[in-house]
Amino acid sequence: MKIALAQVNCHIGNFESNSAKFISIIHEAMSGGAHLVVFPELAVSGYPPLDFLDYHHFTAECLHAVEQIAEHCTGITVIMGSPSFNPVKEGKNLFNSAFVLSNGKISQVVHKTLLPTYDVFDEYRYFEPNHEFSCIEVNGEKIALTICEDLWNEEDDPMYRFSPMDKLIPEKPTLIINIAASPFDYAHAEKRKAILKRNAEKFSLPLVYVNHTGAQTDLIFDGGSLFMNAKGEVVQELKYFEEDIQIIDTAQPEFRTPSVAASKFERIHQALVLGIRDYFTKLNFKQATLGLSGGVDSALVLALAVEALGKENVIPVMMPSPFSSGHSVDDSVELAKNLGVDAVKIPIENIYNEFINAADPFFKGKPFDVAEENIQARIRGTLVMALANKHGYVLLNTSNKSELAVGYGTLYGDMAGGLSVIGDLYKTEVYELCRYINRNGEIIPENILTKAPSAELRPGQKDSDSLPEYDLLDSVLRLYIEGQLGYDQILQQGYDEKLVSRVLQMVNRNEYKRFQFAPILRVSPKAFGRGRRMPLVAKYLG
């Protein structure tokens, strides 16, 4: 059987645009001789639709779109994900469903059984799990149709009480199809392939997997749809980080397309560029701005934004204070020249002095400290937001994950912004990604990459005055955040107890700052945001 794998970039709630895309792909697949077209999980609504699902009208619109698409399914069968209503009074109101469309109508509906409710997933908030199991039949072939998590119940670490495949196997299917919405993180592609491989091998069946691509605010979908033979070998693999439609032939399971694994930072680079581009495109924004400090974080964000949006659509703003070094301004100018952008320069010394003079009677002769430092950051935040408001720009935040973790940032100052581009990259990873961007020639000036990191909010300031060295800090943060190890467990790794106590306390007491922060493009297995929900007021150290 010839099957078209339709890896698409959907726009949540944009039924007209999504449906037009799906219908065009269906006709293209028919012209290519396909018997079946497979779209991803919840393709009709876009993933994740979140609390749109609480609105009856939203799901009704999804089902209306499915019916309209079905009218084009004559001479071909289509599998497509959409929410559907649960007709039974007991339980949740909706199912996460796969619709089988043929002969111009809906011929069968299969519901998702295993509903992920961890990390970025919250499906049990909306959906009722499936309780009925039956294979579908297409072109004389019996297919075990599953939806994403339905294949993820690992025998060695089961999250659920059973596997839907165990219910379908007695019907003797000849093919597994899995439609998915599997978000990107830099380690996920290998894990995903391993899961699919184990299913193909366990049941001795070929497997078709179709994933989303594109970004939905903080979540980025990398595609990587594939056809795997019964030995668990990848026969054909679709592109990563872009839409792709390929027709596979299940009668040719031995032909193998070689796949070259991308490096960690190649993947992160592709993901962040896609994340910026889709955020702007789907919200109909055109231009971005950001504060350009001469440091590595803003340099990286500028380079990524220019690649995503075009140099004519990114307006960096240099705002030197009395404590800004001359080389920081020079480095910023060189970076802007390398990228072909026109940087705006607004010195803030006079504004800063006015603030200090106005506040002096209330500071009562107290020594210079974080109050004066934060005034500079908030002046910059106010100025760059004013430019954004005046010209319709979106402010890109330039804070990294290390700073966000320990609260090394100023609310309403350098923590301002509509989108956090590198908030899921530790400082050490920021440097590595910069090196990757410079792989074919210097874009980010070498001096930016070699000078000591500094906020430059007081004379001679260095980040290491307030924080452990980033190599050490980031290693502890990874164990605590990604590794989810507690205080005692981290000590067992050989770290100094004062260091661990200090770092964990900084992370926990700064949750209130992250609670007010911009959406963060997710590239790691555990990002700040919807995937990490912590109490703001707590004493637990970990």
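You will find that of ALA20, ALA4, ALA60, the residue that is under 24 Å from ILE143 (Cβ atoms), hydrophobic (A, V, I, L, M, F, W, C) and not in a loop (DSSP other than H, G, I, E, B) is ALA4 and no other.
So, of the residues in the stretch 256-271 that are closer than 16 Å to ILE422 by Cα and in contact with a strand residue (DSSP E or B) (Cβ under 8 Å, 6 or more places away or on another chain), which turns out to be surrounded by the fewest Cβ atoms within 10 Å (Cβ to Cβ)?
Per the criteria, the residue is GLN270.
Residues GLU41, GLU28, GLU16, GLU67: which one is at negative phi, in the same structural domain as ASN211 (by TED's automatic domain parsing), crowded, with 22+ Cβ neighbours inside 10 Å and among the charged types (D, E, K, R)?
One residue alone meets the criteria, GLU41.
If you go through the stretch 415-441 and keep only what is acidic (Asp, Glu) and either under 15 Å from PHE528 (Cβ atoms) or modelled with pLDDT under 95 (or both), you end up with ASP424, GLU429.
Among the residues in the stretch 244-256, are any closer than 24 Å to VAL120 by Cβ and outside any strand (DSSP E or B)? For the stretch 244-256, residues closer than 24 Å to VAL120 by Cβ and outside any strand (DSSP E or B): absent.
State all residues of the stretch 442-468 that are in a loop (DSSP other than H, G, I, E, B) and at pLDDT 95 or above; if no residue qualifies, say none. Correct list: GLU442, ILE443, ILE444, PRO445.
Based on what the data block shows, is PHE58 under 23 Å from the mean Cα position of the chain (by Cα) and at negative phi? Here the answer is no, as PHE58 does not meet what is asked.
Going by the conditions given, is LEU151 in contact (Cβ under 8 Å) with a residue 60 or more places away in the chain, out of contact with any Lys or Arg (no Cβ under 6 Å at 6 or more places or on another chain) and surrounded by 21 or more Cβ atoms within 10 Å (Cβ to Cβ)? No. For the stretch 354-410, taking the residues that are within 16 Å of VAL317 (Cα to Cα) and surrounded by fewer than 13 Cβ atoms within 10 Å (Cβ to Cβ), the one that is nearest to the chain's Cα centre (by Cα) is identified as GLY392.
For SER84, the conditions (1) without any contact (Cβ under 8 Å) to a residue 12 or more places away in the chain; (2) under 29 Å from ARG522 (Cβ atoms) are fulfilled apart from (1). One residue is enough: does the stretch 88-98 have a residue meeting the conditions of a type in the set (A, V, I, L, M), more than 28 Å from TYR124 (Cα to Cα) and either more than 25 Å from the chain's Cα centre (by Cα) or exposed (fewer than 14 other Cβ atoms within 10 Å of the Cβ) (or both)? Scanning the stretch 88-98 turns up no residue that is of a type in the set (A, V, I, L, M), more than 28 Å from TYR124 (Cα to Cα) and either more than 25 Å from the chain's Cα centre (by Cα) or exposed (fewer than 14 other Cβ atoms within 10 Å of the Cβ) (or both). Among the residues of the stretch 316-342, those identified as in contact with a strand residue (DSSP E or B) (Cβ under 9 Å, 6 or more places away or on another chain) and under 22 Å from THR410 (Cβ atoms) are PRO316, VAL317, MET318, MET319, PRO320, SER324, SER328, VAL329, SER332. Scanning the stretch 174-194 for residues that are touching a Ser or Thr at 6+ places or on another chain (Cβ under 8 Å) and free of Cβ contacts under 8 Å to residues at least 60 places away in the same chain yields a count of 3.
Answer yes if at least one residue in the stretch 501-515 is surrounded by fewer than 19 Cβ atoms within 10 Å (Cβ to Cβ), farther than 27 Å from LEU395 by Cα and either in contact with a helix residue (DSSP H, G or I) (Cβ under 8 Å, 6 or more places away or on another chain) or among the hydrophobic types (A, V, I, L, M, F, W, C) (or both), and no otherwise. Yes.
More than 21 Å from ILE179 (Cα to Cα), hydroxyl-bearing (Ser, Thr, Tyr) and out of contact with any His (no Cβ under 8 Å at 6 or more places or on another chain): which single residue out of SER293, SER225 fits that description?
SER293
Just a yes or no: is a residue in the stretch 263-277 under 29 Å from ILE520 (Cβ atoms), in contact with a helix residue (DSSP H, G or I) (Cβ under 9 Å, 6 or more places away or on another chain) and part of a loop (DSSP other than H, G, I, E, B)? So far as the stretch 263-277 goes, yes, one or more of its residues are under 29 Å from ILE520 (Cβ atoms), in contact with a helix residue (DSSP H, G or I) (Cβ under 9 Å, 6 or more places away or on another chain) and part of a loop (DSSP other than H, G, I, E, B). The helices (runs of 4 or more DSSP H) located wholly in the stretch 477-542 that include 1 or more residues which are basic (Lys, Arg) occupy 497-509, 511-515.
Regarding the stretch 235-251, can at least one residue be identified that is in contact (Cβ under 8 Å) with a residue 12 or more places away in the chain, outside the structural domain of ILE422 (by TED's automatic domain parsing), on the phi > 0 side of the Ramachandran plot and not charged (D, E, K, R)?
The answer is yes, given that some residue of the stretch 235-251 is in contact (Cβ under 8 Å) with a residue 12 or more places away in the chain, outside the structural domain of ILE422 (by TED's automatic domain parsing), on the phi > 0 side of the Ramachandran plot and not charged (D, E, K, R).
Can you spot a residue in the stretch 108-115 that is touching a Pro at 6+ places or on another chain (Cβ under 6 Å), touching a residue at least 12 places away in the same chain (Cβ under 8 Å) and part of a helix (DSSP H, G or I)? For the stretch 108-115, residues touching a Pro at 6+ places or on another chain (Cβ under 6 Å), touching a residue at least 12 places away in the same chain (Cβ under 8 Å) and part of a helix (DSSP H, G or I): absent.
Going by what's in this entry, would LYS231 be described as surrounded by fewer than 23 Cβ atoms within 10 Å (Cβ to Cβ), within 21 Å of the chain's Cα centre (by Cα) and not in a helix (DSSP H, G or I)? Considered against the rule, which asks whether it is surrounded by fewer than 23 Cβ atoms within 10 Å (Cβ to Cβ), within 21 Å of the chain's Cα centre (by Cα) and not in a helix (DSSP H, G or I), LYS231 comes out as no.
The values are calculated or read from the model by the stated rules, or taken from the named source; none is laboratory data. Because the structure is predicted, anything quoted here is derived from the model rather than measured. Don't worry about glycine lacking a Cβ; one is built from the backbone with ideal geometry, like all the others, and counts go over all protein chains shown.
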